[in-house]
Ligand code: ADP
């Protein structure tokens with residue numbers, strides 16, 4: 001607790017009366033701690049590819065006469081530069097969404113378009129691993145929000161499903177209308193699954209079940225944190241069910257755009 005004491009002036013009878021303010025600072029300390037951890041994590045995550053780039057540049061200088069080695073190391077440099085780009089892109093997305101909760105200027109967004117666009121952006125990665133992408137369920141639903149952010153959220157779930165699954169398996173996106181005023185978009189894979197003890201933490205920034213595997217597959221460790229913030233900014237939630245060695249299902253629940261929203265927008269225009 002922080003205690004602040006202020007004299008109360010102007011009280012009848014003069015001195016002695018003070019105002020004592022006791023403020024619970026647990027939350028403030030926790031926020032500060034989380035912020036410090038985040039900055040330390042970002043610094044570490046940035047240092048790794050930058051260090052690798054410096055080392056590779058040095059190696060190229062030493063191997064200048066060996067054209068084949070130069071080509072190989074230049075390729076590795078390109079990979080590290082790409083990793084750095086993905087990390088910076090994810091950091092920008094995360095800070096933009098955290099600053100804009102809830103979404104400031106929501107517009108009607110068709111779920112079919114979100115799913116189609118997210119699938120398109122993952123197709124190459126899936127093809128490269130022989131993974132089949134399928135889309136099933138209800139059509140014609142829409143929510144209020146920002147299309148780009150929703151595409152990013154569904155794409156992040158799809159990319160994880162592809163990356164954390166064995167080759168030649170299946171990833172399915174399913175859209176349901178559970179009848180509680182919302183829409184459910186779920187992504188199911190037949191992948192490695194997530195141990196129960198980690199389920200609670202995977203939405204934290206930079207939390208990885210297997211850091212080496214995540215880095216080897218180009219993961220930034222921010223994908224699910226972005227999914228969570230995008231969902232919350234749309235008034236929704238994200239849940240996960242997983243069985244180790246069998247697969248995972250991530251489900252986004254978002255409030256449906258009600259008839260009211262549509263008609264009031266029409267009235268405003270009229
Ligand atoms: P990353 O860039 O490491 O994939 P994410 O935030 O997207 O970061 O995911 C956090 C961690 O959750 C991953 O490192 C991985 O361990 C686990 N994970 C996420 N999605 C899946 C999935 N579909 N199957 C298995 N593990 C997953």
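Points worth noting:
- Pairing residues of segment 216-239 that are free of Cβ contacts under 8 Å to residues at least 24 places away in the same chain with residues that are within 8 Å of the ligand (Cβ to nearest atom), at Cβ distances under 9 Å and at least 6 apart in sequence or on separate chains, gives 239/250.
- Residues being part of a helix (DSSP H, G or I), near the ligand (Cβ under 7 Å from one of its atoms) and at pLDDT 95 or above - total across segment 199-235: 3
- Residue ID - surrounded by the most Cβ atoms within 10 Å (Cβ to Cβ), chosen from residues in segment 170-198 that are in a loop (DSSP other than H, G, I, E, B) and more than 8 Å from the ligand (Cβ to nearest atom): 190
- Residue in segment 167-183 that is without any contact (Cβ under 8 Å) to a residue 60 or more places away in the chain, under 22 Å from residue 98 (Cβ atoms) and out of contact with any strand residue (DSSP E or B) (no Cβ under 7 Å at 6 or more places or on another chain) present: no
- Evaluation of residue 254 against the conditions (1) over 14 Å from the mean Cα position of the chain (by Cα); (2) near the ligand (Cβ under 9 Å from one of its atoms) shows that the sole unmet condition is (2).
- Close pairs from segment 110-138: first farther than 29 Å from residue 256 by Cβ, partner assigned to a helix (DSSP H, G or I), Cβ under 7 Å, at least 6 apart: 125/159; 125/162; 129/162; 131/162
- In this entry, residue 65 passes the filter for residues that are in a loop (DSSP other than H, G, I, E, B) and modelled with pLDDT of 85 or more.
- Test: residue in segment 151-158 that is more than 16 Å from the ligand (Cβ to nearest atom) and free of Cβ contacts under 8 Å to residues at least 40 places away in the same chain: no
- Of the residues making up segment 137-156, those that are touching a strand residue (DSSP E or B) at 6+ places or on another chain (Cβ under 6 Å) and either surrounded by fewer than 13 Cβ atoms within 10 Å (Cβ to Cβ) or assigned to a loop (DSSP other than H, G, I, E, B) (or both) are 138, 141.
- Among the residues listed as 50, 42, the single one being under 18 Å from residue 98 (Cβ atoms) and surrounded by 11 or more Cβ atoms within 10 Å (Cβ to Cβ): 42
The values are calculated or read from the model by the stated rules, or taken from the named source; none is laboratory data. Predicted model, so just to flag it, every value in this text is computed and none were measured. No Cβ is skipped: glycine too gets one built from the backbone with ideal geometry, and neighbour counts run over all protein chains shown.
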